[in-house]
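Peer 1: Questions regarding the structure given below will be posed in turn.
The values are calculated or read from the model by the stated rules, or taken from the named source; none is laboratory data. The structure presented is a predicted model; accordingly, all values stated were derived computationally and were not measured. Methodologically, a virtual Cβ is constructed for each residue, glycine included, from the backbone with ideal geometry; neighbour enumeration extends over all protein chains shown. Calculation scope for accessible area: heavy atoms of the full protein, side chains included, ligands and nucleic acids excluded. Shrake-Rupley method; radii C 1.70, N 1.55, O 1.52, S 1.80 Å.
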Amino acid sequence: MKKIISFICSLAVLVSIFAPASVKAADKEFEGQTVKVGVVGELYEDIWKYVAEKAKEEEGINIEVVLLTDYNIPNTALTDGSIDLNAFQHEVFLENWNKENDGHIVTIGYTVAVPTRVYSEKYQSFDDLPEGAKIAVNSAPTSLGYNLQTLERAGLISLKDNGELLPTVSDIEENPKHLDIIELDGAQIPASVPDVDAAFIDDSFLSASNFKPSDAIYVYGDTPETINVDRVNIIAAREEDKDNPLYQKVVELFQTDDVAKKIEEVTEGGSIAAWDLVKEVQEKAE
């Protein structure tokens, strides 16, 4: 009898030791699987490396972060299978790319919003801009359109309705301050700051200037009321993979409070976690 009791006790101890590990292992549905994620920019590489460490530790998923140097590469690499996901663009960019390349890439999750910011070495706000002020804007079609729409929202210009096309300088209908809109390549704008009165500087080029995000004289797109969901950065996948459980798990790992804090830290506030803002906007629209 004593031997039986001793055996049962020993068995109970073994169960208590190994059961938690077994349950934990069973919870790691994607243990050992690898996902290649293409990103552009070292800041976003740092954020995704943090997510990769988290994915490995918590789920056993191997996220391979692939740093790409050209905005034209990530969607091509995704289409041809060189990578599994990419995270560098917003939906306006993706929609244009799909149209121009007969692509079938879709959004599977939202990541960060990069509010539009305007900087100046001479003035503290748009209200201070003088007659004929020179404004540097990004010449890339999607950026130019949004820069002009931002000036319109700020009450500095008005644009004529051009249907669904992205507005250009020729679409300016009213310009009461006679602003001089100067179109430049985004990478050239930081160097132009001393020669203009205000400049739209993309966050990816801000390090080439003396500004920090908090120095902006005008910000648009950092609240549920102003955020443009179409311009929130996304995690993108091939259309046939949009419901892939492994990729959805990667989205889930990204959309957490600790990653939001990492985004704030790495970008010095230049980018903001956007998934909750998008959810709020979408819920209000329902």
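Peer 1: Could you state the angle between the C-alpha long axis of helix 257-267 and the longest principal axis of the C-alpha atoms of the chain, as a value from 0 to 90 degrees rounded to the nearest 10?
Peer 2: Around 40 degrees separate the two axes.
Peer 1: Mind checking the log10 I(q)/I(0) for the range 188-286 at q = 0.14, 0.16, 0.22 Å⁻¹? Debye, one equal scatterer per Cα, no solvent, two decimals.
Peer 2: Log10 I(q)/I(0), no solvent term: -0.70, -0.86, -1.23.
Peer 1: Measuring with a 1.4 Å probe in the full set of protein chains, what accessible area per residue, in whole Å², belongs to the range 93-216?
Peer 2: For the range 93-216, the solvent-accessible area averages 49 Å² per residue.
Peer 1: Against the 2.2 N^0.38 Å scaling, with N counting residues, where does the range 57-105 land? I'd like the Cα-based Rg ratio to two decimal places.
Peer 2: In units of the globular-protein estimate, the range 57-105 measures up at 1.29.
Peer 1: With viscosity set to 1.002 mPa s at 20 °C, what whole-number translational diffusion coefficient in µm²/s follows for the chain from Stokes-Einstein and a Kirkwood radius over Cα pairs?
Peer 2: Answer, rounded: 100 µm²/s.
Peer 1: Step through the residues of the range 39-53 one at a time and calculate ³J(HN,Hα) from phi using the Karplus curve (6.51 cos²θ - 1.76 cosθ + 1.60, θ = phi - 60°), rounding each to whole Hz and writing x for Gly and Pro.
Peer 2: 10, 10, x, 5, 4, 6, 4, 4, 5, 6, 5, 4, 4, 5, 4
Peer 1: Continuing with this model, one more query. If you roll a 1.4 angstrom probe over the protein chains with everything in place, what fraction of the accessible area of the chain belongs to carbon and sulfur, to the nearest %? Show your work: numbers first, answer last.
Peer 2: Numbers: 7570 of 15180 Å².
Ligands and nucleic acids excluded, carbon and sulfur give 50 percent.
Peer 1: So what J values fall out for the range 240-246 if you push phi through Karplus, 6.51 cos²θ - 1.76 cosθ + 1.60 with θ = phi - 60°, rounded to Hz, Gly and Pro as x?
Peer 2: Listing the rounded values in order: 5, 9, 4, 9, 4, x, 5 Hz.
Peer 1: May I ask for the equivalent-ellipsoid semi-axes of the range 131-206, computed as the square root of five times each C-alpha gyration tensor eigenvalue and listed largest first in whole Å?
Peer 2: 20, 15, 9
Peer 1: Could you grab the relative contact order for the range 220-286? Cα pairs under 8 Å, six or more apart, rounded to a whole percent.
Peer 2: Working: 27 pairs, mean separation 25.1, N = 67.
Relative CO of the range 220-286 lands at 37 percent.
Peer 1: Given the DSSP H assignment, sum -39500 (n - 2.57) over each helix run of at least 4 residues in the chain and divide by its residue total; what's the result at 222 nm in deg cm²/dmol, nearest 500? Walk me through the intermediate numbers first.
Peer 2: Working: 9 runs with 111 residues, N = 286.
Rounded to the nearest 500, the figure is -12000 deg cm²/dmol.
Peer 1: Same structure again: Over the chain, what is the mean sequence separation of C-alpha contacts under 8 Å (at least six apart), divided by residue count, expressed as relative contact order in percent?
Peer 2: Relative CO of the chain lands at 25 percent.
Peer 1: What angle, in degrees between 0 and 90 and rounded to the nearest 10, separates the Cα long axis of helix 2-27 from the longest principal axis of the Cα atoms of the chain?
Peer 2: Helix 2-27 and the main axis of the chain meet at about 20 degrees.
Peer 1: Give me the angle, in degrees from 0 to 90, between the Cα long axis of helix 141-153 and the longest principal axis of the Cα atoms of the chain, rounded to the nearest 10.
Peer 2: Long axis of 141-153 versus the principal axis of the chain: about 70 degrees.
Peer 1: Given the C-alpha centroids of the range 237-282 and the range 142-194, what is the distance between them in whole angstrom?
Peer 2: Cα centroid to Cα centroid, the span is 30 Å.
Peer 1: When only C-alpha pairs under 8 Å and at least 6 residues apart count, what is the relative contact order of the range 176-268, in percent? Mind dumping the intermediate values first?
Peer 2: Working: 26 pairs, mean separation 15.6, N = 93.
Reported as a whole number, the value is 17 percent.
Peer 1: Radius of gyration and Dmax for the range 72-160's Cα atoms, expressed in Å?
Peer 2: Taking only Cα atoms of the range 72-160, I get Rg and Dmax of 17.3, 52 Å.
Peer 1: Determine the dipole magnitude for the chain: charges of +1 sit on the beta-carbon of Lys and Arg, -1 on that of Asp and Glu, nothing else is charged, the reference point is the Cα centre, and the result goes in debye to the nearest 20.
Peer 2: Result for the chain is approximately 1400 debye, rounded to the nearest 20.
Peer 1: Can you give the three extents of the C-alpha atoms in the range 175-220 along their principal axes, from longest to shortest, in whole Å?
Peer 2: 32, 21, 17
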